[in-house]
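These notes are about the structure you will find just below.
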Amino acid sequence: QVQLVESGGGLVQAGGSLRLSCAASGSFSDYNAMAWYRMAPGKQRELIAAISNSGSTMYEDYMNRRFTISRDNARNTVYLQIHSLKPEDTGVYYCHADRLGRDYWGLGTLVTVSS
């Protein structure tokens, strides 16, 4: 059974940093692109960044200034580093994976940024 488990969320003050993790089950080489999404309160889920199994990255337009996606194949884990957090970064952060042509989602990790 494929599982994506996010962690690293929590309450943080504006200006702080967080590193979110997404641990994937099974053989990591079966995972093609992996991505992080965010769902802010009252808004639709939006893509933040994606990374291929070769390490190529892409970011949504304005995201790459404070967000960094990375992948550790030895640990079957994808990370999202967020710097200079703002209250508008508050939301549930989800990990997504394309594994052998199928889509998988984690349950999300909540990030709350206080002003």
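The values are calculated or read from the model by the stated rules, or taken from the named source; none is laboratory data. These figures come from a predicted structure and were not determined experimentally. Here the Cβ is made from the backbone with ideal geometry for all residues, glycine too, and neighbour counts use every protein chain on show. Please note that ligands, DNA and RNA were not included when accessible areas were found on the heavy atoms of the full protein model with its side chains. Shrake-Rupley method; radii C 1.70, N 1.55, O 1.52, S 1.80 Å.
Please work out which residue is surrounded by the fewest Cβ atoms within 10 Å (Cβ to Cβ), limiting yourself to the range 1-23 and to residues that are modelled with pLDDT of 95 or more and of a type in the set (A, V, I, L, M). Show your work before the answer.
Step one: list which residues in the range 1-23 are modelled with pLDDT of 95 or more, which gives 4-23.
With of a type in the set (A, V, I, L, M) added as a condition, the list becomes 4-5, 11-12, 14, 18, 20, 23.
On the way: Leu4: 21, Val5: 14, Leu11: 11, Val12: 17, Ala14: 13, Leu18: 18, Leu20: 24, Ala23: 17.
Among those residues, the one meeting the criterion is Leu11.
Name the residues in the range 26-49 that are over 16 Å from Val113 (Cβ atoms) and free of Cβ contacts under 8 Å to residues at least 12 places away in the same chain, would you?
Scanning the range 26-49 gives Ser27, Gln44.
For the range 9-52, which residues satisfy the criterion of being touching a strand residue (DSSP E or B) at 6+ places or on another chain (Cβ under 8 Å), more than 14 Å from Leu80 (Cβ to Cβ) and among the hydroxyl-bearing types (Ser, Thr, Tyr)?
Scanning the range 9-52 gives Ser25, Tyr31, Ser52.
Looking at (1) touching a residue at least 40 places away in the same chain (Cβ under 8 Å); (2) open to solvent by 40 Å² or more (accessible area, probe 1.4 Å), which is the one condition that is false for Thr68?
(1)
All but one of (1) surrounded by 15 or more Cβ atoms within 10 Å (Cβ to Cβ); (2) in contact (Cβ under 8 Å) with a residue 24 or more places away in the chain hold for Asn73; state the number of the condition that does not hold.
(1)
How many of the residues in the range 43-59 are under 18 Å from Leu107 (Cα atoms) and outside any strand (DSSP E or B)?
2
Within the range 31-44, how many residues are over 11 Å from the mean Cα position of the chain (by Cα) and open to solvent by less than 40 Å² (accessible area, probe 1.4 Å)?
2
Do you know which of the residues in the range 90-102 that are of a type outside the set (A, V, I, L, M) and modelled with pLDDT of 95 or more is surrounded by the most Cβ atoms within 10 Å (Cβ to Cβ)?
Taking the range 90-102 as the starting set, the residues that turn out to be of a type outside the set (A, V, I, L, M) are 90-91, 93-96, 98-99, 101-102.
From what's left, modelled with pLDDT of 95 or more: 90-91, 93-96.
Working: Thr90: 18, Gly91: 21, Tyr93: 24, Tyr94: 21, Cys95: 26, His96: 19.
Here the residue is Cys95.
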